Structure formats: structure tokens, C-alpha cells
1. Quick one: is Thr87 within 24 Å of Gln201 (Cα to Cα), in contact (Cβ under 8 Å) with a residue 40 or more places away in the chain and either of a type in the set (Ser, Thr, Tyr) or in contact with a helix residue (DSSP H, G or I) (Cβ under 6 Å, 6 or more places away or on another chain) (or both)?
2. Checking the structure you have, find out if any residue of the range 105-120 is part of a helix (DSSP H, G or I) and within 22 Å of Cys31 (Cβ to Cβ).
3. Just to be sure I understand, how many residues within the range 50-75 are surrounded by fewer than 20 Cβ atoms within 10 Å (Cβ to Cβ) and either on the phi > 0 side of the Ramachandran plot or touching a helix residue (DSSP H, G or I) at 6+ places or on another chain (Cβ under 6 Å) (or both)?
4. For the range 137-148, how many residues are within 26 Å of Lys32 (Cβ to Cβ) and in contact (Cβ under 8 Å) with a residue 40 or more places away in the chain?
5. For the condition in contact with a strand residue (DSSP E or B) (Cβ under 7 Å, 6 or more places away or on another chain) and small (Gly, Ala, Ser), what is the one hit in Ala177, Ala111?
6. Would you confirm whether any residue within the range 77-95 is within 21 Å of Ala177 (Cβ to Cβ), of a type in the set (S, T, N, Q) and not in a helix (DSSP H, G or I)?
7. Select from the range 128-156 the residues that are under 21 Å from Thr42 (Cβ atoms) and β-branched (Val, Ile, Thr) and list them in ascending order.
8. List the residue pairs whose Cβ atoms are under 9 Å apart, where the first residue sits in the range 173-189 and is exposed (fewer than 14 other Cβ atoms within 10 Å of the Cβ), the second is part of a strand (DSSP E or B) and not charged (D, E, K, R), and the two are 6 or more positions apart or on different chains.
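The values are calculated or read from the model by the stated rules, or taken from the named source; none is laboratory data. Not measured: the values here are computed from a predicted model. Positions of Cβ are backbone-derived with ideal geometry, glycine not excepted, and every protein chain shown enters the neighbour counts.
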Amino acid sequence: MKKKIILSLLFIGPLAFFIFLSLGEVNFIPCKTFKTDVVDITALKNDSISLSNNINVVTFLGEKPTTKDTEIFNINEVVFKKLAKYTKFQLISFYIGENNPEIETIKNRLAKTNGSKFFKWKFVRLDSLQTVTIYNSLKTNSSLDHNLAANKAFIVDKNNHQRGRTDDDKIGEDVFAYDLSSVNDLKNKLLTDTQNVFYEQEVSTTSRKERLGKDEK
């Protein structure tokens with residue numbers, strides 16, 4: 001009898017602890033809202049892709065996207081592959097130029113490593129004015145380069161609000177844009193902050209099945 005009780009406790013104890021944790025609240029650090037009026041794609045052109053009702057990571061590739069090869073590889077490996085499983089997540093890369101051959105090269109390369117989830121990476125063609133309009137609606141301390149590209153990524157939530165963090169590394173600096181050339185920034189800041197926005201806007205309002213269920217293609 002004593003042996004049976006011990007075996008039962010060894011089985012029930014860990015199970016009860018797991019159930020307790022699963023019922024607990026998700027702890028996360030809310031991200032600060034830096035801008036509340038980020039210009040949506042649909043305000044500038046007739047497009048099925050929208051920032052609204054999605055949790056977005058936004059990048060600007062400009063006229064010569066392949067000059068951002070390293071940055072694209074970084075964000076693909078560190079961020080996109082970790083978040084593409086979520087229904088409401090999308091990564092949006094703006095570029096300039098109709099039938100830009102460099103975009104097709106990038107898309108073909110990325111498609112090989114991301115399989116069925118690659119559709120969540122949206123490449124959106126804009127003209128120069130549209131690119132500047134969206135970029136200027138974001139809080140940033142740097143300008144687009146001569147190709148109208150940026151070395152930064154931005155988080156835009158479901159309400160078209162730009163999100164980020166304050167008091168970075170306890171030195172009082174705000175982070176409203178994330179360095180694409182720094183794997184450390186992408187992993188420890190952009191990925192973490194996007195997950196925090198996801199928990200804030202999705203975990204509290206949807207079921208796990210809805211968050212991880214069949215994605216709309």
C-alpha cells in the first residue's frame with residue numbers, strides 16, 4: 001500500500017504542478033506605445049495587405065533590396081522562424097520598383113527555408129513617396145538611406161500603434177526601432193518585444209487553438 005501511495009504521488013505531483021502553471025497568467029512586460037497613427041498600406045494604395053488587426057514587424061528594403069542580404073538573413077533566422085507559427089503575425093518588407101528582380105531573388109531564397117509559413121512574409125511594392133510617408137509616420141531618429149532603405153525594424157501592433165521599450169539596459173534610452181545588423185538586438189529585443197505585444201493582444205483574448213490554428217492563406 002505504501003509503495004502504491006508513493007508511486008501515485010510521483011505521478012500526480014508533477015501533473016498537478018503542470019496544470020497549475022498552465023492555468024496561471026502569462027507574465028510579460030508591456031511594451032510602450034510610441035506612435036498611435038502609423039500610416040497603413042491601404043491608406044496609400046489598393047492592397048489586400050494591411051497592418052490593422054495583425055502584429056507586424058516592418059522593414060524597409062528600398063530600391064536595392066539585395067544590399068540588405070545580411071539583415072534579411074538575420075531577421076529570418078532570429079525572428080521570422082520563431083513567430084511565423086502565430087496566425088496574426090506577419091513580417092512586412094517594403095520595397096521600391098515594379099518587377100524588381102532583386103525581390104524575386106530574395107523571395108526564392110527565403111521560400112526554400114520557410115516552407116508553408118513563408119506566406120506570412122509580405123513583400124509590398126511602394127513608390128518613393130509612399131515609402132517616405134509610411135516611414136515618416138513612425139518614430140525614428142534616423143532617415144532612409146539613398147536607396148530609401150533602413151537598417152531598422154519596427155513593431156506595429158493590431159491597432160496601428162508603434163511599440164517598443166523604455167529604459168533599455170537601465171540607461172534610460174527608448175527603443176522604438178531595432179538594429180537589423182545586430183543579432184543580439186534582434187534576439188533579445190525585437191523578438192522579445194514582439195512576443196510581449198503578442199501576449200498582450202492575443203493571449204488574453206484568444207484560445208491557444210486560435211493563436212496556433214490553421215493559418216489563413
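1. Numbers: within 24 Å of Gln201 (Cα to Cα): yes; in contact (Cβ under 8 Å) with a residue 40 or more places away in the chain: yes; either of a type in the set (Ser, Thr, Tyr) or in contact with a helix residue (DSSP H, G or I) (Cβ under 6 Å, 6 or more places away or on another chain) (or both): yes.
For Thr87, the condition - within 24 Å of Gln201 (Cα to Cα), in contact (Cβ under 8 Å) with a residue 40 or more places away in the chain and either of a type in the set (Ser, Thr, Tyr) or in contact with a helix residue (DSSP H, G or I) (Cβ under 6 Å, 6 or more places away or on another chain) (or both) - is met.
2. First, pick out the residues of the range 105-120 that are part of a helix (DSSP H, G or I): 105-120.
From what's left, within 22 Å of Cys31 (Cβ to Cβ): 120.
Yes, the range 105-120 has at least one match.
3. Counting residues in the range 50-75 that are surrounded by fewer than 20 Cβ atoms within 10 Å (Cβ to Cβ) and either on the phi > 0 side of the Ramachandran plot or touching a helix residue (DSSP H, G or I) at 6+ places or on another chain (Cβ under 6 Å) (or both) gives 3.
4. Going through the range 137-148, the residues within 26 Å of Lys32 (Cβ to Cβ) turn out to be 137-144.
Filter again for in contact (Cβ under 8 Å) with a residue 40 or more places away in the chain, leaving 137-139, 144.
Count: 4.
5. On the way: Ala111 fails: in contact with a strand residue (DSSP E or B) (Cβ under 7 Å, 6 or more places away or on another chain).
Going through Ala177, Ala111 in turn, the sole match is Ala177.
6. Pass one, the range 77-95, residues within 21 Å of Ala177 (Cβ to Cβ): 77-80, 82-83, 89-95.
From the residues that got through so far, the ones that are of a type in the set (S, T, N, Q) too are 90, 93.
Okay, now just the ones that are also not in a helix (DSSP H, G or I), so 90, 93.
Scanning the range 77-95, I find at least one residue that is within 21 Å of Ala177 (Cβ to Cβ), of a type in the set (S, T, N, Q) and not in a helix (DSSP H, G or I), so the answer is yes.
7. Within the range 128-156, Thr131, Val132, Thr133, Ile134, Ile155, Val156 qualify.
8. The qualifying pairs are Glu173/Thr166.
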